[in-house]
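In what follows, a structure is listed as structure tokens, so that the remarks can point back to it.
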There are 2 protein chains.
Amino acid sequence: MKILLNNTSLFESLRPFNDLGFVPTMGGIHKGHLSLINKSNKLCKKTIVSIFVNPKQFNNKKDLKSYPRNIKKDLKILKKSKKVDFVYLPTFKDIYKDKKKSKITLQKKDKILCAKFRKGHFEGVLDVMNKLTKIVKPKKIFMGEKDFQQLYLVKKELEKKYKTKVIPCKTIRDRDNVALSSRNLLLNKTNLITAAKIYETLVDIKKNTKNKKNIPSFLNLKKKELKNNYKIKIDYLELRNINNLKISSTKKNSRLFIAYYLNNVRLIDNL
Amino acid sequence: MKILLNNTSLFESLRPFNDLGFVPTMGGIHKGHLSLINKSNKLCKKTIVSIFVNPKQFNNKKDLKSYPRNIKKDLKILKKSKKVDFVYLPTFKDIYKDKKKSKITLQKKDKILCAKFRKGHFEGVLDVMNKLTKIVKPKKIFMGEKDFQQLYLVKKELEKKYKTKVIPCKTIRDRDNVALSSRNLLLNKTNLITAAKIYETLVDIKKNTKNKKNIPSFLNLKKKELKNNYKIKIDYLELRNINNLKISSTKKNSRLFIAYYLNNVRLIDNL
């Protein structure tokens with residue numbers, strides 16, 4: 001029984017769910033997720049985490065099949081954090097109850113970076129994020145900057161439709177500066193060492209990128225070097241404006257985006 | 001941390017405050033209040049009890065001054081019930097923040113029973129109930145049938161204005177059938193014995209009331225008998241329809257209403 005001595009304490013106590021922070025995940029909970037949860041816990045009255053491996057955002061069946069799943073371990077980590085009020089584990093039916101086909105289509109200008117290489121991926125992400133937002137009705141949604149394009153598209157999609165705000169959170173890295181990702185569980189030690197070296201190279205590349213019109217050709221050269229040095233497949237290595245994701249000819253308000261494969265695992269990063 | 005395995009459990013867990021039961025009181029918590037709390041606890045996800053002695057509903061300054069107040073004891077009883085989630089103890093300012101004068105006026109047809117004898121009383125009740133409802137935003141409000149006219153007027157007032165539902169609850173009586181009231185604390189043993197006898201007489205009167213047009217004159221006679229036998233002042237003794245509170249000429253859908261004084265304490269009952 002809570003005693004409310006005035007209206008301020010009444011409003012605070014009675015409206016916690018008007019102030020719900022939401023951290024949508026596909027499981028494989030790591031410190032990146034925990035930093036989102038921490039932020040939600042600081043900014044919101046209650047925090048809900050969802051774990052739902054959304055089949056509709058996988059353009060590759062093998063990727064879906066191998067995606068790390070360990071719900072018991074995830075729950076243990078979340079519980080230990082003491083910062084999660086609710087964990088939402090929807091069934092497929094809970095989300096895709098109405099069999100209506102999603103009407104999400106990307107604009108042509110957004111069919112870049114991962115959208116170009118993973119056909120249908122972001123359509124699936126935006127569809128599930130619409131559905132989750134309608135169900136959970138959060139005040140704020142917390143998403144990591146590692147998936148910068150996802151954050152950019154989800155923010156654009158949800159904030160025009162709902163009262164929810166999408167809050168970007170810094171990428172969390174391991175001690176070798178590899179960006180945390182559930183997919184890292186699929187990498188071996190050698191892969192992780194390579195990933196750390198690639199990160200260092202990216203920092204160098206960014207440092208040596210000069211503000212001039214030939215940035216794309218400079219990056220193209222660097223991409224070839226990366227490919228040869230580390231024997232990796234690279235989807236893209238591009239400098240883009242953070243506000244509209246257009247190809248950038250200046251370092252100001254820009255990020256260097258990369259997607260590459262290690263051990264057949266597709267990894268992304270940006271800095 | 002609560003684990004939600006499907007949407008049903010999500011909706012149940014996330015929306016408790018869309019399902020808030022409210023028991024407004026002026027303190028002096030007794031088993032009547034506890035029965036309201038029990039009902040709220042059964043029908044609603046969360047229960048809030050307010051304790052606020054509303055000065056604006058007292059037409060008599062002495063009555064306001066002598067009204068029983070023991071907040072510590074009240075809180076102890078409420079806590080012990082284990083059925084109250086929140087106790088709201090507003091300050092005068094919390095309720096009467098805006099100094100706008102209340103615009104509540106009773107319709108002429110409602111100026112009957114207690115409204116006739118306690119000028120301004122129900123205007124004060126309806127005003128505070130409007131304010132409390134706006135603040136607390138309950139789904140259901142629980143009120144006892146002992147204050148039948150109050151229940152009738154509040155239901156009419158609130159249900160047309162808000163999404164809240166006013167739920168009538170049976171009058172709770174002590175083992176001698178005296179209707180429980182905070183004001184009973186102001187009675188001595190002799191008064192309580194008299195109150196029990198008056199209740200018995202009322203049962204008799206109701207039994208002997210025949211369906212005919214001279215019910216009012218029959219009740220007038222009985223009122224005089226009560227006055228003489230118990231040396232009490234009686235404000236009214238009337239049979240009225242439960243749906244519109246009009247004077248009734250049939251026992252069907254009717255209640256016998258009484259207001260009388262014992263030890264200068266005004267008591268009401270109906271059956």
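Among the residues of A:98-111, the average count of other protein chain beta-carbon atoms within 10 Å of the residue beta-carbon is 0.
Placing a label point 7 Å from Cα along the Cα-to-Cβ axis, B:Lys134 is separated from the same position in the other copies by 3.5 nm, shortest listed first. Inter-label distance, B:Ile242 to A:Ile193: 8.5 nm, where each label sits 7 Å from its Cα along the C-beta direction. Stretching the chain fully between A:Lys212 and A:Lys119 yields a gain of 30.3 nm (0.36 nm per residue, less the alpha carbon separation). A Cβ-based charge dipole, computed about the Cα centre of segment B:97-244 with Lys and Arg at +1 and Asp and Glu at -1, lands at about 600 debye. Computed from backbone phi with θ = phi - 60° and the Karplus coefficients 6.51, -1.76 and 1.60, the 3J(HN,Hα) list for segment A:216-221 is x, 6, 4, 5, 4, 4 Hz; x is used for glycine and proline.
Label-point spacing at B:Ile193 relative to the other copies reads 10.0 nm, in ascending order, each point sitting 7 Å out from Cα along Cα→Cβ. The value of relative contact order for chain B, using C-alpha pairs under 8 Å at least six residues apart, is 16 percent.
Taking the longest Cα principal axis of chain B as reference, the axis of helix B:189-208 is set at about 70 degrees. Overall, the anisotropy analysis places segment A:40-173 in the rounded class: the square-rooted eigenvalues a ≥ b ≥ c of its C-alpha gyration tensor yield a/c less than 1.5. In this model, which of A:Lys76/B:Lys45; B:Lys72/B:Lys170; B:Lys103/B:Lys134; A:Lys103/A:Lys161; A:Lys165/B:Lys134; A:Lys31/A:Lys80 are farther than 23 Å apart at the alpha-carbon? Flagged as over cut-off: A:Lys76/B:Lys45; B:Lys72/B:Lys170; A:Lys165/B:Lys134. Values of log10 I(q)/I(0) for chain A across q = 0.07, 0.09, 0.15, 0.17 Å⁻¹ run -0.28, -0.46, -1.20, -1.48, by the Debye formula with one identical scatterer at each alpha carbon and no solvent. Taking the Cα centre of segment B:182-270 as origin and assigning +1 to Lys and Arg Cβ atoms and -1 to Asp and Glu Cβ atoms, the resulting dipole is close to 280 debye. Amide hydrogen proximity for B:Asp269: with H placed 1.01 Å from N in the peptide plane, the residues at 5 or more positions away or on another chain lying under 5 Å are B:Ile258. Near the amide H of B:Gly27, within less than 5 Å, lie the amide hydrogens of B:Phe52, all on another chain or at least 5 residues away, with H placed in the peptide plane. Positive-end ranking of A:Cys169, A:Asn211, A:Leu226 along the dipole of segment A:116-271, with charges on Cβ about the Cα centre, is headed by A:Asn211. Counting only Cβ charges, +1 for Lys and Arg and -1 for Asp and Glu, the dipole size of chain B around its Cα centre is about 400 debye.
Relative contact order of segment B:160-271, please, whole-number percent, based on alpha carbon pairs below 8 angstrom and at least 6 residues apart. Averaging sequence separation for qualifying contacts and normalising by length gives 20 percent for segment B:160-271.
Would you please give the FRET efficiency between A:Asp19 and A:Asn264, computed as 1/(1 + (r/R0)^6) with r the Cβ-Cβ distance and R0 = 60 Å, to the nearest 0.05? Don't skip to the answer; put the middle values down first.
Values: r = 43 Å, r/R0 = 0.71.
Here the calculated transfer efficiency is 0.90.
In this simple spin-label approximation, B:Asn253 and B:Lys73 carry label points 7 Å from Cα along the Cα→Cβ vector, and these lie 4.2 nm apart.
Fewest first, what order do A:Leu256, B:Leu36 take by the number of other Cβ atoms within 10 Å?
Details: A:Leu256 21, B:Leu36 25.
Ranking A:Leu256, B:Leu36 by Cβ neighbours within 10 Å, fewest first, gives A:Leu256, B:Leu36.
I'd like the mean, over residues of A:1-13, of how many other protein chain beta carbons sit within 10 Å of each residue's own Cβ. Before the final figure, lay out the partial values.
Numbers: counts 13, 6, 10, 8, 6, 6, 9, 1, 3, 9, 1, 0, 6.
Counting Cβ atoms of other protein chains within 10 Å of each residue's Cβ and averaging gives 6.
A simple rule links phi to the HN-Hα coupling: the Karplus curve 6.51 cos²θ - 1.76 cosθ + 1.60 with θ = phi - 60°, which for segment A:43-59 gives 8, 10, 6, 9, 10, 10, 10, 9, 10, 7, 7, 7, x, 6, 9, 9, 7 Hz, with x for Gly and Pro. Put simply, the amide H of A:Val166, placed in the peptide plane, has neighbours under 5 Å in A:Ile141, leaving out anything fewer than 5 places away on its chain. Each of B:Asp63, B:Asp74, A:Asp204 was scored by other Cβ atoms within 10 Å of its Cβ. Arranged with the fewest first, they read A:Asp204, B:Asp63, B:Asp74. Phi angles of segment B:254-271 translate, via the Karplus equation with coefficients 6.51, -1.76, 1.60 and θ = phi - 60°, into HN-Hα couplings of 10, 10, 8, 10, 9, 9, 8, 10, 10, 6, 6, 9, 7, 10, 10, 7, 7, 8 Hz per residue; Gly and Pro are given as x.
Centroid-to-centroid, using Cα positions, segment B:182-261 and segment B:34-74 are 26 Å apart. With label points defined 7 Å past Cα in the direction of Cβ, position A:Lys82 shows copy-to-copy spacings of 2.6 nm, given to one decimal and shortest first.
Taking neighbour counts of Cβ atoms within 10 Å as a proxy for exposure, in what order, fewest first, do A:Met26, A:Met1 appear?
On the way: A:Met26 18, A:Met1 15.
In increasing order of surrounding Cβ atoms, one gets A:Met1, A:Met26.
Every read-out reported here was derived from the displayed coordinates using simple, explicitly stated rules and does not represent laboratory data. These numbers come from a predicted model, not from an experiment. Note that each Cβ is placed from the backbone with ideal geometry, even for glycine, and that neighbours are counted across all protein chains shown.
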